[in-house]
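A short write-up of the structure that comes next.
Read-outs throughout are calculated quantities, based only on the coordinates presented, and are distinct from any laboratory measurement. Everything numeric in this text was worked out from a predicted model, so none of it was measured. A quick note on method: Cβ atoms are made from the backbone with ideal geometry, for glycine too, and the neighbour counts reach across all protein chains shown.
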Amino acid sequence: MQTTTIKIKGMTCMGCVNSVKNVLEKISGVDRTEVSLEQAQVTIRYDAEETGVGQLKQAIEDAGFDVVN
Ligand SMILES: [Cu+2]
């Protein structure tokens, strides 16, 4: 398992937090996500053989948010 932290722009409420969580947890290989509204970021634990940072970032952007890093 691998862990990455991605900075996100555009989350304003718990609804946004849940949206980000939901899209990420639908990706196969994603084990656990922890979204922080205050820190505007998500920490994702994932299986690097099934998914990667590119796909994770894409899913966040597809959900309507901006990836900062
Ligand atoms: Cu919101």
Review point. Exactly one of (1) surrounded by fewer than 13 Cβ atoms within 10 Å (Cβ to Cβ); (2) touching a helix residue (DSSP H, G or I) at 6+ places or on another chain (Cβ under 8 Å) is unmet by Val42. Its number?
Key: (1)
Point to revise | Cross-chain or 6+ apart pairs with Cβ under 6 Å, the range 6-29 first and in contact (Cβ under 8 Å) with a residue 24 or more places away in the chain and closer than 15 Å to Val68 by Cβ, then of a type in the set (S, T, N, Q) and in a loop (DSSP other than H, G, I, E, B) | key: Lys7/Asn69
